Amino acid sequence: MGRGKIEIKRIENSTNRQVTYSKRRGGILKKAKEITVLCDAQVSLVIFSSTGKMSEYCSPSTELVKILDRYHKSAGQKLWDAKHEHLSNELERIKKENDSMQIKLRHLKGEDLTSLHPKELIPIEEALENGIACVRSKQMEYLKMLKKNERCLEEENKRLSYILHQQQLAMDVNVREMDHGYHQREREYHPQMPFAFRVQPIQPNLHQNK
């Protein structure tokens with residue numbers, strides 16, 4: 001008996017649905033590879049599962065971008081017209097802003113001023129004056145910081161010199177006290193014994209010879 005006809009509808013059981021997806025995805029990818037080899041066709045296949053996982057195949061002789069370009073030319077439709085137009089406009093806007101900033105920068109450097117009207121020179125002059133004022137203000141802040149650091153270093157040097165002087169005085173006092181104590185103890189414990197001398201006769205003992 002032949003197999004019964006399978007009704008094409010969504011498989012409710014998630015496990016069965018995933019198994020069926022894996023089998024049929026493999027079959028479609030296999031067919032895409034076969035038609036590429038057998039018929040010398042250019043095939044591009046992209047599949048997304050219900051979980052968002054992507055599977056793809058593209059004929060070795062081409063690329064996905066080239067396939068899409070051929071589709072645009074053949075179908076007369078573009079898949080990303082609105083997005084492409086927005087990016088193109090944004091790129092053009094950025095380019096114009098960059099060109100304008102380059103011109104303003106050259107003017108601030110004193111270049112290409114001959115074509116400007118005298119009224120157009122006024123904001124350039126004001127911008128330069130403001131820039132000079134900001135630079136001078138920053139320099140003054142830097143000088144104030146240097147002077148403050150110098151005063152702090154001087155005060156620290158004075159403090160350390162005072163501490164060093166006090167330590168030197170304390171050391172001198174300790175040395176004098178130690179020296180005085182040493183001589184005091186020497187006088188207290190010096191032995192008070194009289195010296196006794198025994199005179200030896202130079203001549204032999206005459207009593208022994210008698």
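List of remarks:
- The condition (being over 37 Å from the mean Cα position of the chain (by Cα), of a type in the set (Gly, Ala, Ser) and assigned to a helix (DSSP H, G or I)) is satisfied by just one residue among Ser74, Ser100: Ser74.
Residue-by-condition table, conditions (1) hydroxyl-bearing (Ser, Thr, Tyr); (2) at pLDDT 80 or above:
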| position | (1), (2) |
| --- | --- |
| Leu29 | no, yes |
| Ile47 | no, yes |
| Ser50 | yes, yes |
| Ser61 | yes, yes |
| Gly76 | no, no |
| Ala82 | no, no |
| Glu92 | no, yes |
| Lys95 | no, yes |
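- Residue within segment 99-116 that is at pLDDT 85 or above and of a type in the set (Lys, Arg) present: no
- Selection status of Gly131, of a type outside the set (Ser, Thr, Tyr) and part of a loop (DSSP other than H, G, I, E, B): no
- Test: Lys33 is of a type in the set (Lys, Arg) and touching a residue at least 24 places away in the same chain (Cβ under 8 Å): yes
- Subset tally (residues that are open to solvent by less than 100 Å² (accessible area, probe 1.4 Å) and either among the polar types (S, T, N, Q) or over 30 Å from His107 (Cβ atoms) (or both)) for segment 131-149: 5
- Among the residues of segment 110-128, those that are outside any helix (DSSP H, G or I) and either touching a helix residue (DSSP H, G or I) at 6+ places or on another chain (Cβ under 8 Å) or loosely packed, with under 10 Cβ neighbours inside 10 Å (or both) comprise Gly110, Asp112, Leu113, Thr114, Ser115, Leu116, His117.
- For segment 20-58, filtering for residues that are part of a helix (DSSP H, G or I), open to solvent by 70 Å² or more (accessible area, probe 1.4 Å) and aliphatic (A, V, I, L, M) leaves 4.
The values are calculated or read from the model by the stated rules, or taken from the named source; none is laboratory data. Given the structure is predicted, the values throughout are model-derived calculations rather than measurements. Glycine also receives a Cβ, built like all others from the backbone with ideal geometry; neighbour counts cover every protein chain displayed. To get the accessible areas, we keep the full protein, side chains included, count just its heavy atoms, and leave off ligands, DNA and RNA. Shrake-Rupley method; radii C 1.70, N 1.55, O 1.52, S 1.80 Å.
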